[in-house]
C-alpha cells in the first residue's frame with residue numbers, strides 16, 4: 001500500500017516535470033544540467049545531450065553572464081532566487097527572456113529551478129519604452145523650440161523696442177533742456193511724456209525678462225530667481241523670499257529653465273488665487289535629490305476636491321520632463337506647499 005502511494009507520488013511529480021509548459025530543471029553545484037523537462041529542450045532548441053555537455057553559463061546571453069554568476073553565488077549560499085530575469089541564446093540564435101525561481105538543496109548539492117518564458121512581455125515593455133523615449137524626445141524638442149522663440153522675442157523687445165523708447169526719452173529730455181521758455185501746460189506734457197517713456201522702458205524690460213530670462217545664461221538660476229522674487233514683491237506687495245543650498249553646476253540649462261518656469265507659474269497662482277501674505281522659494285540639495293519648494297501662507301485648498309487647473313498640469317508635465325516629481329501639500333486655511341523633487345541630476 002505504501003509502495004503504491006510512493007509510486008503514485010513519483011508518477012505525479014514526473015508528469016508535472018515533463019508536461020508543464022514552464023521550464024523546469026535540476027542543476028548540479030558544478031553548474032551543469034542534471035535533468036531538464038521537455039520545455040527546456042523546446043525553448044533552447046538543443047538536444048538533451050547538447051544541454052548536458054556544456055555548462056549552463058554557456059547558454060546565457062553574454063551581457064547577462066556576470067549578473068547571473070553573482071546571483072548564483074548567493075543562491076549557493078542559501079538565498080532563494082525569486083523573480084530573477086535573464087536572457088538565454090537558443091541554438092538558432094534567438095534571444096529569450098526567462099523569469100527564474102530557484103532553490104539550492106545543499107544535502108543533495110543540486111539546484112531546483114522553474115522558469116517562465118517572458119519574452120513576449122519584455123518585447124512589449126521595450127516597445128512601450130521606445131515609444132516613451134520618442135515622445136519625451138519630441139516633447140523636449142518642442143519645449144526647446146518654444147524657449148528659443150521666446151528668447152528671440154525677448155531679445156527683440158529688449159534690443160529694439162527698449163532702445164527706441166530710450167531714443168524717444170532722450171529726445172524729450174533734449175526738448176526740456178533746449179526750450180526753457182515753454183508755457184506751463186506744454187512743460188507739463190513734456191514731463192508727463194518723460195515719465196511715461198521711462199515707465200515704458202521698464203515695462204519692456206520686465207516683459208522681456210518674463211518671456212525669456214536671459215539672466216540664466218549670464219548669471220545663473222540663483223540670481224534670476226532672486227530677481228523674480230524681488231519683482232514679485234514690488235509688483236504685488238507680497239513679500240517673496242528666496243534661499244538656496246545646492247550646487248547649481250549639477251543642473252543642466254534645461255533644468256534651470258524648467259525650475260524658473262515652474263516658479264513663474266506657482267507665483268502666478270499665488271497672486272491670483274492664494275490670498276497669501278508671504279511666499280518662500282527654496283532649492284536644496286538632499287543627497288541624491290534636489291528639491292525645489294514654493295510655500296505660501298494663503299487660504300489653501302482641499303486637494304481631493306480641487307480640479308487640477310491648467311497651470312498645475314503644466315508644472316507637473318515640466319517636472320516629469322526633467323525626471324522629476326511634483327507633489328502638493330495643502331489644507332484649507334493652512335497655505336500650500338508645492339515641491340519638485342529632481343532625481344539623478
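The values are calculated or read from the model by the stated rules, or taken from the named source; none is laboratory data. None of these values were measured; they are calculated from a predicted model. Positions of Cβ are backbone-derived with ideal geometry, glycine not excepted, and every protein chain shown enters the neighbour counts.
Annotations
- Listed by position, the helices (runs of 4 or more DSSP H) enclosed by the range 1-57 that each have at least 2 residues that are modelled with pLDDT of 65 or more and either at positive phi or touching a strand residue (DSSP E or B) at 6+ places or on another chain (Cβ under 6 Å) (or both) are 38-44, 48-53.
- Checking each residue in the range 298-326 for being at pLDDT 90 or above, over 13 Å from the mean Cα position of the chain (by Cα) and surrounded by fewer than 18 Cβ atoms within 10 Å (Cβ to Cβ) picks out only 299.
- Residue match in the range 265-275 (condition: surrounded by fewer than 19 Cβ atoms within 10 Å (Cβ to Cβ) and at pLDDT 90 or above): yes
- Residue ID - nearest to residue 296 (Cα to Cα), chosen from residues in the range 213-248 that are touching a strand residue (DSSP E or B) at 6+ places or on another chain (Cβ under 6 Å) and loosely packed, with under 15 Cβ neighbours inside 10 Å: 241
- If you go through the range 249-264 and keep only what is surrounded by 19 or more Cβ atoms within 10 Å (Cβ to Cβ) and not in a helix (DSSP H, G or I), you end up with just 251.
Residue by residue, here is whether (1) touching a strand residue (DSSP E or B) at 6+ places or on another chain (Cβ under 9 Å); (2) under 14 Å from residue 56 (Cβ atoms) holds:
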{"site": "70", "(1), (2)": "no, no"}
{"site": "103", "(1), (2)": "yes, no"}
{"site": "107", "(1), (2)": "no, no"}
{"site": "110", "(1), (2)": "yes, yes"}
{"site": "116", "(1), (2)": "yes, no"}
{"site": "123", "(1), (2)": "yes, no"}
{"site": "127", "(1), (2)": "no, no"}
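- Which listed residue, of 314, 272, is over 16 Å from residue 243 (Cβ atoms), free of Cβ contacts under 8 Å to residues at least 12 places away in the same chain and outside any loop (DSSP other than H, G, I, E, B): 272
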